[in-house]
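J.: Structure below; questions to follow.
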Amino acid sequence: MSTIDVSGLTSMYSEIANQNSVNYKADKLKATANSANSESTDEELMDVCKQFESYFLEQVFKQMWKTVKTDDSGDASTSNLIDFFKDSTIQELASQSTELNSNGLAQMLYDQMKRNIEG
């Protein structure tokens, strides 16, 4: 009886899900920003700006992760588990960073968009 090696499926699925997630988030954020007009409330506008800051931080964290040397001598199942949960963990970290320790990007975007809407 032969066995089928499916160890690469998790990382392949994770990569495809990540690409779809990034495209979905970017499209959703673009649509929300395009719908911003003078009728948008300040709260809605700030929410869009925070979403963008979170998305930006998520992309930064993902690029930072690529620079980390990983020890490939570990168990393959552990490596697959890390790959599977890495994206959701990075996304949550970016969201929490925006909410708790904003770097000011959301506020700068808000101020600029507010000027553009009013002017």
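The values are calculated or read from the model by the stated rules, or taken from the named source; none is laboratory data. Please read these numbers as outputs of a predicted model, since none were measured by experiment. For neighbour counting, all protein chains shown are included, and Cβ atoms are generated from backbone atoms with ideal geometry for every residue, glycine included. Side chains are part of the model used for accessible areas, which takes the heavy atoms of the whole protein and leaves out ligands, DNA and RNA. Shrake-Rupley method; radii C 1.70, N 1.55, O 1.52, S 1.80 Å.
Residue-wise test of (1) at pLDDT 90 or above; (2) open to solvent by 60 Å² or more (accessible area, probe 1.4 Å).
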residue	(1), (2)
14	no, no
17	no, no
24	no, yes
30	no, yes
61	yes, no
89	yes, yes
109	yes, no
114	no, no
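J.: When you go through (1) at pLDDT 90 or above; (2) farther than 30 Å from residue 118 by Cβ one by one for residue 53, which number turns out not to apply?
T.: Exception for residue 53: condition (2).
J.: If you check every pair at least six apart or on different chains, which have Cβ atoms under 8 Å apart with a residue in the range 100-119 that is at negative phi first and a residue that is among the hydroxyl-bearing types (Ser, Thr, Tyr) and open to solvent by 60 Å² or more (accessible area, probe 1.4 Å) second?
T.: 117/38; 118/38
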